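Working notes for the structure below.
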Amino acid sequence: MTERKPLYESPGEKGKRGFEDLECYQLALEVMAKIHAFSKTLPADEKFDLYAQIRRSAKGVTGNIGEAYGRYHYLDSLHYYSIARGELMETLARLIDARVLQYIAQPEFEALYKLIRQTEQALNGFMTYVRRQRAGAQEYGDKKIREDQAEYYASLEDEGDEDVHR
């Protein structure tokens, strides 16, 4: 396999930049760019349906990888990496829809399909790494961090009162 040139290179120091150094992020960025290019070829009547859905799910992959990377506790991170994987699978499902509706030729479909599966494999591998590292577990244990539930009290105003917009 040949080395890919990343679509985006951060101006930060190589290896110390953050999520943009991750292979799964770089691949997801490539998926997003290629899905956007493909979406521009969809018929006009798909603008508010398939066009919007496939673009949104492709962007959701990169966004959730970035959000996951910014989380401290590994279980919190895994939650967002899992959402990223779900968005990736939604992108694939929409791509399959496009193939069935004959909006994309088989060779282009197969190339995108392979890229999506490669991205999935890289994301799964990184999730396994995160799970093994267990960052934050020493301080907080192996349970997700969450705030205590707040109690709220509400009272109903007189139903006949016209001015209820307080």
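The values are calculated or read from the model by the stated rules, or taken from the named source; none is laboratory data. These numbers come from a predicted model, not from an experiment. Cβ placement follows ideal geometry from the backbone for every residue including glycine, while neighbour counts extend to all protein chains displayed.
A few remarks follow.
- Only one entry in 51, 72, 25 is among the aromatic types (Phe, Trp, Tyr) and in a loop (DSSP other than H, G, I, E, B), namely 72.
- Hits in segment 91-108 - residues which are aliphatic (A, V, I, L, M), surrounded by fewer than 16 Cβ atoms within 10 Å (Cβ to Cβ) and farther than 20 Å from residue 47 by Cβ: 105
Results for (1) touching a residue at least 60 places away in the same chain (Cβ under 8 Å); (2) under 20 Å from residue 99 (Cα atoms); (3) not hydroxyl-bearing (Ser, Thr, Tyr), shown as yes or no for each residue.
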| residue | (1), (2), (3) |
| --- | --- |
| 8 | no, no, no |
| 11 | no, no, yes |
| 25 | no, no, no |
| 31 | yes, yes, yes |
| 34 | yes, yes, yes |
| 39 | no, yes, no |
| 44 | no, yes, yes |
| 48 | no, yes, yes |
| 53 | no, yes, yes |
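- A Cβ distance below 7 Å, combined with a sequence gap of six or more or placement on separate chains, defines the contacts here; from segment 62-80, residues that are without any contact (Cβ under 8 Å) to a residue 40 or more places away in the chain reach residues that are in a loop (DSSP other than H, G, I, E, B) in the pairs 80/71.
- Among the candidates 57, 77, 39, residue that is under 8 Å from the mean Cα position of the chain (by Cα), buried (at least 17 other Cβ atoms within 10 Å of the Cβ) and over 12 Å from residue 119 (Cα atoms): 57
- Among the residues of segment 120-131, none qualifies, meaning not one is surrounded by fewer than 16 Cβ atoms within 10 Å (Cβ to Cβ), aromatic (Phe, Trp, Tyr) and at pLDDT below 85.
- Which listed residue, of 10, 77, is in a helix (DSSP H, G or I) and closer than 25 Å to residue 130 by Cβ: 77
- For residue 87, the conditions (1) surrounded by fewer than 19 Cβ atoms within 10 Å (Cβ to Cβ); (2) at pLDDT 95 or above; (3) among the acidic types (Asp, Glu); (4) within 26 Å of residue 132 (Cβ to Cβ) all hold with the exception of (1).
- Every residue from segment 60-72 that is surrounded by 18 or more Cβ atoms within 10 Å (Cβ to Cβ) and of a type outside the set (D, E, K, R): 60, 61, 62, 64, 65, 68, 69
- Contact annotation: residue pairs with Cβ atoms under 8 Å, 6 or more positions apart or on different chains, pairing a residue in segment 87-114 that is without any contact (Cβ under 8 Å) to a residue 24 or more places away in the chain with a partner that is surrounded by fewer than 13 Cβ atoms within 10 Å (Cβ to Cβ), are 99/106.
- Meets criteria (out of contact with any strand residue (DSSP E or B) (no Cβ under 9 Å at 6 or more places or on another chain), assigned to a helix (DSSP H, G or I) and not polar (S, T, N, Q)) for residue 67: yes
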